[in-house]
Amino acid sequence: MKEKVVLAYSGGLDTTAVIPWLKETFGYDVICCCVNCGQGEELDGLEERAKMSGASKLYIEDIVDDFCDNYIVPCVQAHAVYENKYLIGTAMARPAITKRLVEIARKEGAVAICHGATGKGNDQIRFELAIKALAPDIKIIAPWRMTDLWTMQSREDEIEYCRQHGIDLPFDAKHSYSRDRNLWHISHEGLELEDPANEPNYDDLLVLTVTPEQAPDEPEYVTMTFEKGIPKSINGVEMKVSDIIRKLNELGGKHGIGIIDIVENRVVGMKSRGVYETPGGTILYEAHQQLEELVLDRATSEVKKEMADKLSQVVYEGKWFTPLREAIQAFVESTQEYVTGEVKFKLYKGNIIKAGTTSPYSLYSESLASFTTGDMYDHHDADGFITLFGLPLKVRAMKMQEMKKENESK
């Protein structure tokens, strides 16, 4: 009986070419596993393509709700943003996908898991760190790093290899961006984006949204509610998290929300340029932060910002299944106890504009913040506060004056 390998299968060019290569190179029985994180129509025709390419079996595993509830929500609660722009859509999905790949490998008794990530990217790290953490006994096959056996070095090479094996492909090298899509976002790399001097060809590129110029000329008001940092409803309609993201994607896409063009620092050391569309996620992050402004105290907010930066790095680097991620998430979850309330905003040509926030746990006091004198605040109290708060500055300035006088008298 042939040994089995589970292939992380997207149906794209890389993983399609890998199927016949695994059979020819190692004699494996190839079991494809496509993990559905909300790729939409990209799942159409996968079974036929996998079988045509030589796979013995195809699993299509729906983990959309698991992805949303257990991976997206913790990152939203933390406000984890990599390098001030990237809402880590691909990075969040990889551990969720790998967890299911390991489960299928155990079910099938596979000796190896194969992925089609290149030797230059982040995904190889994310897949493999997760496999090592969850199944250290399972072998990992990364064709793009096996240059003695994997001789294809470009998309053109892969297309020709597939053609020689009788595999018809629905895309070509000249008109195909390298994309990753899930319910949260879609990323674009390649073609004109490889030169940072080029403006993205948004007319050809965008999938989930439109440019702000093409968005409606009238704003649209949206109301959301949260309970302990978890989104619960949109415009009065309660939904599960995955449906909230779907609805926000629709609203954000309509109004040109969530397009970023970034040159980011990959884990492997190089810079890469990509365009990300995250319409619903951008709205969700902003709405959640809008509510946190009301309910979190200053000291907690300051530490939480540090934890958000650390979590974004941890997730980006593929270290989801680590004690550090668990510890950061535990801290973040403790901060969400009172992040409950209603957020209102309007969407207009790429902008999310505040339109009112309420919470039963709001720390905002109108009587304190008002310019009129309230019972809880005596303006004279500021005298002593400023004296003590500014004492280090005053002591230093006095010392500098003293030294200056001494030097002048010499």
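Just to be sure I understand: of the beta bridges DSSP finds with both ends in the chain, what percent are antiparallel, rounded to 5? Around 65 percent antiparallel, to the nearest 5. For region 123-170, just say rounded, prolate or oblate: build the C-alpha gyration tensor, square-root its eigenvalues into a ≥ b ≥ c, call rounded for a/c under 1.5, and beyond that prolate if a/b exceeds b/c, oblate if not. Prolate, since a/c reaches 1.5 and a/b exceeds b/c.
Within the set of other residues whose C-beta is less than 10 Å from the C-beta of Ile244, count the net charge using Lys and Arg as +1 and Asp and Glu as -1. Kindly include the intermediate steps, with their values, before the conclusion.
Numbers: positive: Lys232, Lys240, Arg246, Lys247; negative: Glu238, Asp243.
Charge balance in the 10 Å sphere: +2.
Accessible area per residue for region 114-264 is 50 Å², calculated with a 1.4 Å probe on protein heavy atoms, without ligands, DNA or RNA.
Given their separation in residues at 0.36 nm each and the Cα-Cα distance between them, Lys120 and Phe321 gain 70.1 nm when the chain is fully extended. The distance from the alpha carbon centre of region 86-145 to that of region 236-314 is 24 Å, rounded to a whole number. Projecting the Cα atoms of Gln77, Met52, Phe385 onto the charge dipole of the chain (Cβ charges, centred on the Cα centre) puts Phe385 farthest toward the positive pole. By accessible area, using a 1.4 Å probe on protein heavy atoms only, the chain has 51% of its surface on carbon and sulfur. For Leu7, the residues 5 or more places off, or on other chains, whose built amide H falls under 5 Å of its own are Ile31, Cys32, Cys33, Cys114.
Where only DSSP H runs of four or more residues are counted, the chain gives -13000 deg cm²/dmol as its mean residue ellipticity at 222 nm, each run worth -39500 (n - 2.57). Potential lengthening of the chain between Asp62 and Asn84 amounts to 4.9 nm, from the contour at 0.36 nm per residue minus the alpha-carbon distance.
Residue farthest toward the positive end of the dipole of region 240-298, with Cβ of Lys/Arg at +1 and Asp/Glu at -1: which of Val268, Ile245, Val295? Projecting each Cα onto the dipole axis, the largest value belongs to Val268.
Determine the percent antiparallel among the DSSP beta bridges restricted to region 1-153, to the nearest 5. Don't jump to the answer; show the numbers that get you there.
Details: 1 of 18 bridges.
So the antiparallel bridges in region 1-153 amount to around 5 percent.
Extension gain, Lys228 to Ser301: 0.36 nm times the residue separation minus the Cα-Cα distance gives 24.7 nm.
The values are calculated or read from the model by the stated rules, or taken from the named source; none is laboratory data. Because the structure is a prediction, the values reported are computed rather than measured. Ideal geometry is used to build each Cβ from the backbone, glycine not excepted, and the neighbour counts take in all protein chains shown. These area figures cover heavy atoms from the full protein model, side chains too; ligands, DNA and RNA do not enter into them. Shrake-Rupley method; radii C 1.70, N 1.55, O 1.52, S 1.80 Å.
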